[in-house]
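Written out below as structure tokens is the structure these notes cover.
Just so it is clear, none of the values below were taken in a lab; they were calculated from the coordinates. Keep in mind that what you see is a predicted model, and the values were worked out from it rather than measured. Note: ideal-geometry Cβ built from the backbone for every residue, glycine included; neighbour counts use all protein chains shown.
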């Protein structure tokens, strides 16, 4: 498969190399896993230092929780949460920084503060001005398939907040597309955002695609999209994947008798299980993985990368 290049500002990332771990910094009081832990500039910047020291080579900063049952954060409040953090982190590192937002005003403020990538969980479809913000910059973009707004009447969508525009498909499309296998629905959704990108002169090498794991998907659908994630690269795009600590993982752990509470054991179980999926994704060649903790994912990715890149490994003999 051909090597791909992703560009954001003055940075370039090439495919076919070691997996990139993108550390999550939630500057929120209510995110599903670590809400409140890094809420504030000092806490968030210290967390960034920890993630980088452990091996993160990209950071994703968000100021609004998108978990089921979360509430809308006003634009000014979201900007006040993330912009000071981005400015301070830019003083200590040059690794790519992603702003996790679907609101164009927040994205613009973050880019002006130094963000390199806009991680839009609506894939340019939630806020009609988002594509213009990215187009008018040199930032890259992560476009996520969002089943919640692709099929708002689906049972799994109803527990999520609204992400800007609803009903991205017209009535005819909705009836036709929602009977498709989930991976085909994903690409019908991507098609709309990618067409907007093309119309606004955002080149293909500035875009990553994210299958939207956990957003209103059934248990089966989550695993189908992970199993078939190679399809994104086959279309010529970098792949961005976030599975860390998500509900479908904790569901499997719970069904099989593993602790999943907020105790040290419960958190370790969730991170270890998430890392198993990191190993699978790394082996499949996913370029970027969004994770809460680095160490278990780094070990998993390193081993999987060695298998995937076996022909590039040093050919040595081991001592007795």
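I'd like to know if the stretch 144-166 contains one or more residues that are touching a strand residue (DSSP E or B) at 6+ places or on another chain (Cβ under 8 Å), closer than 16 Å to residue 212 by Cα and surrounded by 13 or more Cβ atoms within 10 Å (Cβ to Cβ). Spell out the reasoning first.
So the first thing to find is which residues in the stretch 144-166 are touching a strand residue (DSSP E or B) at 6+ places or on another chain (Cβ under 8 Å), and the list is 144-145.
Subsequent filtering for residues that are closer than 16 Å to residue 212 by Cα retains 144-145.
Applying the additional criterion that residues be surrounded by 13 or more Cβ atoms within 10 Å (Cβ to Cβ) yields 144-145.
So far as the stretch 144-166 goes, yes, one or more of its residues are touching a strand residue (DSSP E or B) at 6+ places or on another chain (Cβ under 8 Å), closer than 16 Å to residue 212 by Cα and surrounded by 13 or more Cβ atoms within 10 Å (Cβ to Cβ).
Go through the stretch 170-184 and give me each residue that's part of a helix (DSSP H, G or I) and free of Cβ contacts under 8 Å to residues at least 40 places away in the same chain. It would help to see each step written out before you state the result.
At the first step, the residues of the stretch 170-184 found to be part of a helix (DSSP H, G or I) are 171-177, 182-184.
Result: 171, 172, 173, 174, 175, 176, 177, 184.
Give me a count of the residues in the stretch 131-143 that are crowded, with 17+ Cβ neighbours inside 10 Å and under 23 Å from residue 289 (Cα atoms).
Counting residues in the stretch 131-143 that are crowded, with 17+ Cβ neighbours inside 10 Å and under 23 Å from residue 289 (Cα atoms) gives 6.
Can you list the helices (runs of 4 or more DSSP H) found entirely within the stretch 80-169 that contain at least 2 residues being more than 24 Å from residue 237 (Cα to Cα)? Let's see the steps before the verdict.
On the way: elements: 104-113, 130-135, 147-150.
The qualifying helices (runs of 4 or more DSSP H) are 104-113.
Table: residues versus (1) within 23 Å of residue 218 (Cβ to Cβ); (2) touching a strand residue (DSSP E or B) at 6+ places or on another chain (Cβ under 8 Å).
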position	(1), (2)
246	yes, no
252	yes, no
272	no, no
284	yes, no
287	no, yes
293	no, no
300	no, no
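Considering only residues that are buried (at least 22 other Cβ atoms within 10 Å of the Cβ), farther than 14 Å from residue 76 by Cα and in contact with a helix residue (DSSP H, G or I) (Cβ under 6 Å, 6 or more places away or on another chain), which ones fall in the stretch 98-119?
99, 115, 118
Which numbered condition trips up residue 267, out of (1) out of contact with any helix residue (DSSP H, G or I) (no Cβ under 8 Å at 6 or more places or on another chain); (2) within 22 Å of residue 22 (Cα to Cα); (3) without any contact (Cβ under 8 Å) to a residue 40 or more places away in the chain; (4) not in a helix (DSSP H, G or I)?
That leaves (4) as the condition not met.
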